[in-house]
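S.K.: After the structure tokens below, expect a handful of questions from me.
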Amino acid sequence: MKQAVLGIAALALSGCVVNISDSAPDGAEPVPPPPAPMVCNAAAAQSHVGRNASQSTGEAIVRDSGARSLRWGPPNAAWTMDYREDRVNVRYDAQMKIVEITCG
């Protein structure tokens, strides 16, 4: 029984091995670091509050905020609470005027 437990523990720990070497194996190209995430900056897009909600305004908000994606929020709509640092949220009223720009 003790050997079985030790065997299972050894298998579980074998997945924890990390290669901390900065050098690539002989002849192999080093792996580049992952790209930096696009992070939303709602402050940079606040000039769009009060404008009409449209495709071209949405594109400008994405560009100005540096976000990767856009989520429109129609009046009286519920949103999920998932947080994404690369998403800009744009709420508009019944007259299609933008009332709030946030990130998440």
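None of the figures in this text is laboratory data; all of them are computed from the coordinates on show. Predicted, not measured: the structure shown is a model, and the values here were computed from it. FYI the Cβ positions are ideal-geometry reconstructions off the backbone, even for glycines, and counts take in every protein chain you see.
S.K.: Order 85-91, 49-55 from most to least packed using the mean count of other Cβ atoms within 10 Å.
M.R.: Numbers: 85-91: 19.1, 49-55: 13.0.
Highest-to-lowest ranking by the protection proxy: 85-91, 49-55.
S.K.: Considering amide H positions built from the backbone, and no H for Pro or chain starts, which residues 5 or more places from residue 67, or on another chain, come under 5 Å of its amide H?
M.R.: Hits under the 5 Å cutoff: 41.
S.K.: Cut-off is 10 Å between beta-carbons; in what order do 82, 93 appear when sorted fewest neighbours first?
M.R.: Working: 82 7, 93 13.
By the 10 Å Cβ count, ascending: 82, 93.
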